[in-house]
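A short worksheet on the structure shown next.
The values are calculated or read from the model by the stated rules, or taken from the named source; none is laboratory data. Bear in mind that the values here come from a model prediction, so they are computed numbers and not experimental data. Quick reminder, even Gly has a Cβ in these numbers, built from the backbone with ideal geometry, and neighbours come from all protein chains shown.
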Amino acid sequence: MRGNHDELERLQKMNAIDPADRPPMNQEEYDAEYGDKPNNGEPILRQLGRALHSSYCYPFTGWRPFVNTVFGFMPILEWLPKYPVKEYLVNDIIGGLTTGIMHVPQGIAYSALAGVDPVYGLYASCFPAFFYMFFGTSRHVSIGSFAVVALMAGVANDKVFASHVGGKVELIQNQTHFDVAVHYAVTPIQIATTLTFAIGIWQLLCALLRLQFLMTYFSDPLVSGFTTGAAVHVLVAQIDDLMGVQVPKASGVGYIFTRIYDLAIRVPQVNVITLIISLASMVFLYAGKEYISPFLKKKVHLRVPIPYELILVASTAALGAILNWNENNGVEIVGNIPAGLPQPELPTFSILGECLVQSIGIAIVIIAVHISMAKMLGKKFNYHVDDSQELYAISLTSLLGGCFPVYPVSTALGRTMVNVQSGSKTLLSTVFSCVLLLAIILWLGPYLRALPRCVLAAIITVALKSMFMKCGQVKRIYSISKIDFLIWMVSFLATTLIDVMEGLAISIAFALFTVICRSQWPKWQYFYRSTQEKQIENDEKATENSNICVFRFDGPLLFTNVERFKNSLKLTTDSWMESWKPKDVQEVTHVNGEQKQPTNLHGEDKPHFLIIDCKAMAYCDYMAACALNEIAKDLKDKGVVLYLTGANGPLRVALKASGFFDIIGREQLFPTLKDALAIATTKGKTTLHL
């Protein structure tokens, strides 16, 4: 600890030094004066070994380390004994009940996306959230049904089910006729449960190998574009229920066009009553959320969000039973929702291999959405979210949830914000959400039998509004970064036009491709000044000549861009050497080879110094070091003195190992560009002002 403190003091001392407050010096003089030493950092393999030892060996070195590890693995053991009942309990009760109310319609509605019966949506809203409470470090996320994940689970469910078509047909004799019962080899809920378990395996593997750093490649534009594209699929999947028509299932690349065509040719078959109920439901939800709630919040300072979805579900279920919409008007209903708790059972291991293949993309999306939302809320409310522990938490949530009849779950963006707005303070609010859900599962579920399916489709459709609002970010992204704009567009278009799973793969591949492009084609620029006489601020004459050229390469120097570095440097030196000839000359600044704002000057002088600014070169590899050696030899043969500035520790060590300092002296290495310019100006008897 003392060594780290000394290092911190040294760095603070160095950063406090302004080059203008000390005489110019080279790197060796600077190191001797201020104690700066190349710091390569700890080798990556050693870091990994230390991390693995800390995680898997240290807990068994004694009783106290073991207890500390257990408490770290189950954060509830740490925060629950310290729970401030008077300050937090009321908030957690209100927040938990409010979020639980949101769970009911969303769980039932999203079960259709996952391809399972509605009751399993209630189970998926209850059990995984309860398990997360023991292992999670985020106080506000709401684990449960999420439209995008449910859609991806439904796609995977269809693929696995299609490969296991078949079963046993049984004739059951009644008094008057025979009934046909088909026993499938595997049921959709068995696939969904096994899929959930498989997702947990992938997530646990990421946690054990500490692969959370891979989530940094899931930039906000990528996630935003992908989720918006997936929302288009969710919307199209609701149209048949909103219209009250039967549409055959479609799958595969570009299936969305087939589905839209099937919907279009069935417009004459629309069930008018179903369409009226759908439109009325959407108007009710939209008006309530966009107009009534803001009005009440402003006038009566309403604190708890109004559960419009639950009001809609309860009222339409009652009306459906009273008016008998199903039999009288042909309105599709949810059907029987059995009461009682399900029995836990192991996943269907015979299909686990297929589910592992289909679940990779779903696991990635769940991790990306969950960790980004958890960290955002942690930052907003000023508490620490351990992303490593979150991987364990979300993986155990899926593994334990996979022992119950549920479909894959994730953090739901909209429901999480409701949880925050309703005042939840800790994960204890989950208990009250689960109590409400259990009451519905045990006693109230059968009363939802007459609920129209079009109402659930309306709930999903209105809930997608927040996802489509992300399209508003595109203009801002474009103004900041054209590459991020391309990532968003490729993610959105690939997901929308091809398919969800394939779109995710293309999005990730394109994002990685942009990383390669940015490192392979970084920007570069150079600056040199020709001979001139001009008036300076103190009205003295200053003679400036073209014996100094500065070249900067804005990126790490690697085998992927070393040729670009050599070519751009050759272009620089050729242009610079051309200016040595006696003629009217210019002050020239170039960016990526394009001349910017020349100023006509006059005079001549012999060039002397080429300064390469290495401040942006975080590191270099073998080919890059060899290229620098070649450049140093070539410039030396031409009588040009090469200076390097701003080289960090790893770069200097690589140069030393490559024999670079056998070609040029260490005195030609400088800590800052100002030092190099000052020394070059002095040696060239030139006054140069920046």
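For the stretch 218-231, the count of residues that are out of contact with any helix residue (DSSP H, G or I) (no Cβ under 7 Å at 6 or more places or on another chain) and under 26 Å from residue 478 (Cα atoms) is nonzero.
Among the residues making up the stretch 77-102, those that are within 21 Å of residue 385 (Cα to Cα) and in contact with a Leu (Cβ under 7 Å, 6 or more places away or on another chain) are 83, 92.
Consider residue 290 carefully, then state whether it is over 30 Å from residue 196 (Cβ atoms) and among the acidic types (Asp, Glu). Taking the combined requirement at face value, the residue satisfies it. Between 360, 371, 366, the distinction of being in contact (Cβ under 8 Å) with a residue 60 or more places away in the chain, crowded, with 24+ Cβ neighbours inside 10 Å and among the aliphatic types (A, V, I, L, M) belongs to 366 only. Selection over the stretch 240-252 of residues that are under 16 Å from residue 109 (Cα atoms) and either surrounded by fewer than 19 Cβ atoms within 10 Å (Cβ to Cβ) or among the small types (Gly, Ala, Ser) (or both) gives a count of 1.
Restricting 572, 543 to residues that are modelled with pLDDT under 85 and of a type in the set (Val, Ile, Thr) narrows the list to 543.
Conditions (1) at pLDDT below 90; (2) in the same structural domain as residue 565 (by TED's automatic domain parsing); (3) surrounded by 22 or more Cβ atoms within 10 Å (Cβ to Cβ), marked per residue:
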site	(1), (2), (3)
616	yes, yes, no
626	no, yes, no
655	yes, yes, yes
665	yes, yes, no
671	yes, yes, yes
674	yes, yes, no
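Taking residues in the stretch 102-115 that are crowded, with 24+ Cβ neighbours inside 10 Å, and partners anywhere that are among the hydroxyl-bearing types (Ser, Thr, Tyr), the pairs with Cβ atoms closer than 6 Å and at least 6 places apart or on different chains are 103/125; 106/145; 107/125; 107/145; 110/145; 111/120; 114/407.
Taking (1) over 27 Å from residue 225 (Cα atoms); (2) surrounded by 21 or more Cβ atoms within 10 Å (Cβ to Cβ); (3) at pLDDT below 90; (4) among the aliphatic types (A, V, I, L, M) in turn, residue 412 satisfies each apart from (1).
The helices (runs of 4 or more DSSP H) falling completely within the stretch 410-466 that include 1 or more residues that are of a type in the set (Phe, Trp, Tyr) map to 429-439. Can you name the condition, by its number, that residue 148 falls short on among (1) part of a helix (DSSP H, G or I); (2) surrounded by fewer than 23 Cβ atoms within 10 Å (Cβ to Cβ)? Result: residue 148 passes all but (2). The listed residues are 427, 391, 448, and the only one of them that is touching a residue at least 40 places away in the same chain (Cβ under 8 Å) and either under 13 Å from residue 129 (Cα atoms) or surrounded by fewer than 22 Cβ atoms within 10 Å (Cβ to Cβ) (or both) turns out to be 427.
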